[in-house]
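Right, one structure below, let's go through it.
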Amino acid sequence: MDATPLHEEELKLLEVRLNQLKLEYEKYFLGNRPTEPSQARAEIQKVVLRWSNTRITNTALRFKFNSLNGRYQAFKRRWDTTLRQIEAGTYQRHVFKADLHDRERAATPPDPTDRSEDSPVDLFDAYRDALLATGRDPKGLSRQQLERAVQRQEAAIKKKYGCDRVDFKVVVSDGRVKLKAAAG
């Protein structure tokens, strides 16, 4: 029995498993998988080591193995670098997600039920924090300007809808900070 078909099948299996492992690591780095796929990585490592220590006489198979081994080594370097970055807290996707969550928290005004009667003060702080969180400069903003704008909008909304109360909240939409009014 010729050993070549077996080698070819094993290389095809190695290629499929390597692609599968790459997808598992991508899921892990995106946070869609709770644990690192270290067992699958160890299994592939065993196969690669076994074939690295074997003399492959078929040139086509040797070329295919060497290209798969090269891909695996490149993936390994990238995965190890990313794992170190995650451990150090410098992984860009995680840093981006953390910044995004911080921005969302900063852009959320205090709970309306917890607000005191001086609502524009809370609104001003929320608006300023949202500007900072989105990378905008709040220098040109003053408490009086915001209070005047809120009063104008409040009067117009009360007149238009005939309501007694208007609640405002700060929202961030498409990277822009806005005041959203709701007739009460």
Got at least one residue in the range 152-175 being closer than 17 Å to LEU123 by Cα, part of a helix (DSSP H, G or I) and in contact (Cβ under 8 Å) with a residue 24 or more places away in the chain?
yes
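For every residue, the table says whether it meets (1) surrounded by fewer than 13 Cβ atoms within 10 Å (Cβ to Cβ); (2) more than 28 Å from the chain's Cα centre (by Cα).
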position	(1), (2)
GLN39	yes, no
SER52	yes, yes
PHE65	no, yes
GLY70	yes, yes
Selected residue (only one of TYR91, TYR28 is closer than 30 Å to GLY175 by Cβ and in contact (Cβ under 8 Å) with a residue 60 or more places away in the chain)
TYR91
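Taken together, the values in this text are just the output of simple stated rules run on the coordinates, not laboratory data. Nothing here was measured: the structure is a model prediction, and the numbers come from that model. Glycine also receives a Cβ, built like all others from the backbone with ideal geometry; neighbour counts cover every protein chain displayed.
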